[in-house]
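Data first, discussion second: the structure below is written as structure tokens.
The values are calculated or read from the model by the stated rules, or taken from the named source; none is laboratory data. What you are looking at is a predicted structure, and each value in this text was computed from that prediction instead of being measured. So basically every Cβ, Gly included, is an ideal-geometry build from the backbone, and we count neighbours across all protein chains shown. Note: accessible area is taken over every heavy atom of the protein model, side chains too, but ligands, DNA and RNA are not part of it. Shrake-Rupley method; radii C 1.70, N 1.55, O 1.52, S 1.80 Å.
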Amino acid sequence: MPSDTPSHVVVVGAGWAGWGAAKSLCEAGVRVTLIDGINDPTGSTPLSTPSGKPFEAGTRGFWKDYPNINALTKELRLGNRFTEFTTSAFWSPNGLEAKAPVFGDGPQLPSPLGQAFATINNFKRLPVADRLSIAGLLVAMLDLNRNDAVYQQYDGIDALTLFKQLKISDRMIDEFLRPILLVGLFKPPEELSAAVTMELLYYYALAHQDSFDVRWIRRKSIAEQLLAPLSQRLRHQHHLEVVGGTLATRLNVSRNGTMVTSVETRSVATGRSAVINDVDAVVLAVGAKGMGALMANSPECAALSPELVRAGNLGAIDVVSVRLWLDRRVKVADPANVLSRFQALQGSGATFFMLDQLQPETERELWGADPVQGSVVASDFYNATAIAELSDQAVVDCLMQELLPMVQSDFRRAQVVDQEVRRYPGSVSLFSPGSFKQRPPLETSIASIVCAGDWVRMGDREFGAKGLCQERAYVCGLEAGNSLLKRKIISGTTQSQTLQHPVIPIRADEPQVVLGRTINKLVMDQLDLFGLKYPWLR
């Protein structure tokens, strides 16, 4: 039965995971306080530069198989907030290497034939023999989730080692796989778990032909277009309390160590400390950096939940985001572009987006109060520790003098009339070899603490979208709230508290993929009895 006094849950972190948790809990009648270090987590106050122009930390795409985010836009009656699905181009010092088409535009064939035929003319330099060398990876993908032990074996080796053992050619690795990983998981293959790498590449190679199709926000930012309407509904209809400019600094637990009782906070602007009391549960929707800092200042909690300490010790990835306003238009064939293997990148991977081409209907908004002059470029550097050490002007010069002209020579004639460079150290999860066991579980040793985010191990609630993924983060947040409700750690004031927030699964694998996975399991489970394994797992 509903309670007259709802439980109080503090959600730490206002990314997709935090908002997913807030949604599932608020709609069950739970009292929720959402806190985050940014000034306005609601999305109502957009990020802007000192000159008043809009800025966004990272340009993030929305893939075809994002059913729950798509459902959210329909539920909020937002209409079409996305661009059409777009092509993407991959560039190296040698020029254009490949184009990712809009797979859904062509005839739909069984996977992986559909992907192969759709891209047959899209590799500009890579010989067919090198492309075919990836075939062994398809077998490993079918084997990946055979059982937990096999998954952890793949997780324990780095992706480059797996690629080499599978006899994938050096050119295929350097000219295609490495660039995809640098902008998909933000590290080179030698620093990535083979398991997580295959989860990402599955969407290119074995999922539905159009699963790799991607689109973007058609105007303004993700926060303004998607999170702000959600925030408005939860605050107005469900009394969500949002506290911005505030960091969680310590979790206090009960004397018997079974429950969280309060959350200590600190104001980013003033440094003043405060305490949120009468807390019944906490959702930690933070990354490794935030988790580590919180556990370091929460000794009792750390002692009771060592898995959170281990998670806080995982590595994280530096990102640098740049936005350039130019004095003239520069026409680029593809609005979304990937840069790799350039010496100027210093080991990072980079993307750049022509925002004036992605958002032509609202180009005026890209310039704030200033008159429109030319193109607007958004660029992001990943694995960007070395780039982050450069001055702002050196980062801009790197783009304008060394990188962008390799794609379109007209950039050499353009002048930058305004610029913004922002650094985000340790802001992205690193899926390093052997990291699976260290990643935080959704349900922790303290029953009233749950975790949410794209790096969280979801256990029985595992979801089909993997890796660094907005859909996965959002769904994990929904499931974190569902877990607290299902286990009756908390209660709400509405009849709906007994219900779980619905989670829509991604499309099921195609029959031939299911058959391949089944045959692989039948054969390899029998061989396991005799101690026989694939060569790359020995």
As a test of the formula, what do you get for the chain when each DSSP H run with n ≥ 4 contributes -39,500 (n - 2.57) and the sum is divided by the residue count, at 222 nm and rounded to the nearest 500 deg cm²/dmol? -8000 deg cm²/dmol
Assuming a ≥ b ≥ c are the square roots of the Cα gyration tensor eigenvalues, decide whether the chain counts as rounded (a/c under 1.5), prolate (otherwise, with a/b larger than b/c) or oblate. oblate
Cα-projected label distance for ALA394 with THR270, points at 7 Å along beta-carbon direction, nm: 3.9
What length, rounded to one decimal in nm, is gained on full extension from ASN252 through to SER51, with 0.36 nm per residue of separation minus their alpha-carbon distance? 68.2 nm
Output ³J(HN,Hα) for region 257-271: one whole-Hz value per residue in order, computed from phi by the Karplus curve 6.51 cos²θ - 1.76 cosθ + 1.60 with θ = phi - 60°, and x for Gly and Pro. x, 9, 9, 7, 10, 7, 10, 8, 9, 9, 6, 5, 6, 10, x
Positive-end extreme of charge dipole, the chain - chosen from ILE222, THR385, VAL514 (charges on Cβ): VAL514
Tell me, what is the per residue accessible area of the chain in Å², probe radius 1.4 Å? 41
Pairwise label distance in nanometres, SER44 with VAL139, each label 7 Å out on the Cα-Cβ vector: 5.9
Using a 1.4 Å probe on the protein heavy atoms, what percent of the accessible area of region 1-153 belongs to carbon and sulfur? 57
Name the shape class, rounded, prolate or oblate, that the alpha-carbon gyration tensor gives for region 399-538, where a ≥ b ≥ c are the square roots of its eigenvalues, rounded holds for a/c under 1.5, and otherwise prolate holds if a/b is larger than b/c and oblate otherwise. oblate
Karplus ³J(HN,Hα) for region 358-371 (6.51 cos²θ - 1.76 cosθ + 1.60, θ = phi - 60°; Hz, whole; x = Gly/Pro) runs 6, 10, x, 6, 10, 4, 4, 5, 5, 9, x, 8, 7, x
Work out how much length HIS236 to THR161 would gain on full extension: take 0.36 nm times their residue separation and subtract the Cα-Cα distance, in nm to one decimal. 21.8 nm
Per the 1/(1 + (r/R0)^6) rule, R0 = 30 Å and r from the Cβ atoms of ASN147 and THR261, FRET efficiency to 0.05 is 0.15
Distance between the C-alpha centers of region 41-117 and region 451-530? Whole Å please. 23
Amide N of region 248-276 lying under 18 Å from the label point, which is placed 7 angstrom from the Cα of ALA303 along Cα→Cβ: 250-262
If R₀ is 51 angstrom, what is the calculated FRET efficiency for the pair GLU190 and ASP4, using the beta carbon separation as r and rounding to 0.05? 0.35
Trypsin sites (Lys or Arg not before Pro) in region 251-325 lying in a DSSP loop, each with at most 10 other Cβ atoms within 10 Å of its Cβ, come to ARG255, ARG272
Ignoring any ligand, DNA or RNA, what whole percent of the accessible area of region 168-254 comes from carbon and sulfur when the probe is 1.4 angstrom? 47
Contour minus end-to-end for VAL523 and ALA333, with contour as 0.36 nm per residue of separation and end-to-end as the Cα-Cα distance? 63.7 nm
For region 277-351 and region 118-136, write down the distance between their C-alpha centroids in whole Å. 32
Placed amide H near LEU34: partners under 5 Å, 5+ positions off or other chain: VAL11, GLU241, VAL242, VAL243
Does region 131-185 classify as rounded, prolate or oblate by the C-alpha gyration tensor (a ≥ b ≥ c root eigenvalues; a/c under 1.5 gives rounded; else a/b over b/c gives prolate, otherwise oblate)? prolate
Rounded to the nearest 20 debye, dipole of the chain from Cβ charges on Lys, Arg, Asp, Glu: 260
